[in-house]
Amino acid sequence: MKAPGESSPDILLALPGMQRFPSSRLDLFVKREFLSPTECDELVAMIEAQHRPSTIANYNGDDVFRTSSTCDLDPQLPAVAALAAKLAGISGIDLTHAEPIQGQRYEVGQEFKAHTDYFEPNNADYDKYCAIPGQRTWTFMVYLNPVDAGGATRFKVIDKLIQPERGKLVAWNNRRADGSLNAATLHHAMKVRKGLKYVITQWYRERPWG
């Protein structure tokens with residue numbers, strides 16, 4: 001029986017068209033055409049209207065570690081609420097464990113260098129981000145537009161490169177089966193070489209959010 005805030009391979013593979021990357025190092029899934037072009041275009045317009053420079057937790061001294069822009073999508077908007085419900089439906093994770101959905105925008109030359117989505121327990125800001133909702137469990141990311149060149153996501157430990165396609169969902173478990181943090185989820189949002197790149201990200205937590 002899965003824990004609250006957790007999905008599972010069985011749940012995800014029940015969705016037609018869901019593919020599992022064959023690796024013993026991490027649980028990684030891809031589903032093409034998860035969102036329609038119309039759904040994607042509406043989310044892109046929201047991000048374009050209100051994005052701001054991205055930040056990182058536990059600043060590491062590298063001013064160009066994350067150079068994208070970020071947008072917190074309003075959960076009260078019908079399109080955002082529908083997306084949150086759709087992700088909860090395929091993941092099997094209750095909406096109370098979901099962070100607000102975030103949009104990201106990348107211009108030419110922008111990237112998010114290799115990182116993990118979980119919070120390091122030994123870092124100074126761990127309690128600030130995890131005291132109430134706990135650690136991040138699963139990540140669900142959707143590419144919203146075709147990128148002219150660049151902008152792939154590379155999972156460095158398993159050397160898996162995922163190319164952006166409009167509507168493509170990528171999902172992974174940030175932890176191992178025993179609940180320990182999985183460093184094999186290290187991934188790099190690679191530089192856009194031509195055009196723009198838009199994605200949305202839904203993170204889930206061990207305990208209810210807020």
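The values are calculated or read from the model by the stated rules, or taken from the named source; none is laboratory data. Since we're looking at a predicted model, the values are computed, not measured. A quick note on method: Cβ atoms are made from the backbone with ideal geometry, for glycine too, and the neighbour counts reach across all protein chains shown.
Quick notes on this structure:
- For first residues located in the range 175-190 and of a type in the set (Ser, Thr, Tyr), partners that are in a strand (DSSP E or B) and lie 6+ apart or on another chain with Cβ distances below 7 Å form the pairs Thr185/Trp172.
- Of all residues in the range 86-100, those being polar (S, T, N, Q) and in a strand (DSSP E or B) number 0.
- Filtered residues of the range 4-63 (kept if of a type in the set (S, T, N, Q) and either closer than 15 Å to Gly89 by Cα or surrounded by fewer than 18 Cβ atoms within 10 Å (Cβ to Cβ) (or both)): Ser7, Ser8, Gln19, Ser23, Ser24, Ser36, Thr38, Gln50, Thr55, Asn58, Asn60
- Any chance Leu35 is closer than 21 Å to Asn182 by Cβ and either in contact with a Leu (Cβ under 7 Å, 6 or more places away or on another chain) or touching a residue at least 24 places away in the same chain (Cβ under 8 Å) (or both): no
- Note on the range 127-210: enclosed strands (runs of 3 or more DSSP E) holding 3 or more residues that are modelled with pLDDT of 95 or more, within 13 Å of the chain's Cα centre (by Cα) and among the hydroxyl-bearing types (Ser, Thr, Tyr) are 136-143, 197-205.
- Matching residues, the range 97-143, being in contact with an Asp or Glu (Cβ under 8 Å, 6 or more places away or on another chain), surrounded by fewer than 21 Cβ atoms within 10 Å (Cβ to Cβ) and of a type in the set (D, E, K, R): Lys113
- The condition of being modelled with pLDDT under 95, part of a loop (DSSP other than H, G, I, E, B) and either among the β-branched types (Val, Ile, Thr) or in contact with a Lys or Arg (Cβ under 8 Å, 6 or more places away or on another chain) (or both) holds for Gly5.
This table checks each residue for (1) of a type in the set (Val, Ile, Thr); (2) touching a Leu at 6+ places or on another chain (Cβ under 9 Å); (3) under 14 Å from Trp138 (Cβ atoms).
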| residue | (1), (2), (3) |
| --- | --- |
| Ala3 | no, no, yes |
| Glu6 | no, no, yes |
| Ala14 | no, no, no |
| Pro22 | no, no, no |
| Arg25 | no, no, no |
| Pro53 | no, no, no |
| Thr67 | yes, no, no |
| Leu73 | no, yes, no |
| Ser91 | no, yes, yes |
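- Among the residues of the range 21-33, none qualifies, meaning not one is over 26 Å from Leu161 (Cα atoms), assigned to a loop (DSSP other than H, G, I, E, B), of a type in the set (A, V, I, L, M) and at pLDDT 95 or above.
- Checked across the range 131-142, the condition of being of a type in the set (A, V, I, L, M, F, W, C), touching a Cys at 6+ places or on another chain (Cβ under 9 Å) and within 22 Å of Tyr118 (Cα to Cα) holds for at least one residue.
- If the condition is being over 16 Å from the mean Cα position of the chain (by Cα) and within 20 Å of Thr185 (Cα to Cα), then the range 13-36 contributes Leu13, Met18, Gln19, Arg20, Phe21, Pro22, Ser23, Ser24, Arg25.
- The listed residues are Gly89, Gly167, and the only one of them that is crowded, with 17+ Cβ neighbours inside 10 Å and either of a type outside the set (Gly, Ala, Ser) or within 20 Å of Cys40 (Cα to Cα) (or both) turns out to be Gly167.
- Restricting the range 115-138 to residues that are out of contact with any helix residue (DSSP H, G or I) (no Cβ under 6 Å at 6 or more places or on another chain) and hydroxyl-bearing (Ser, Thr, Tyr), the residue that is farthest from Glu99 (Cα to Cα): Tyr126
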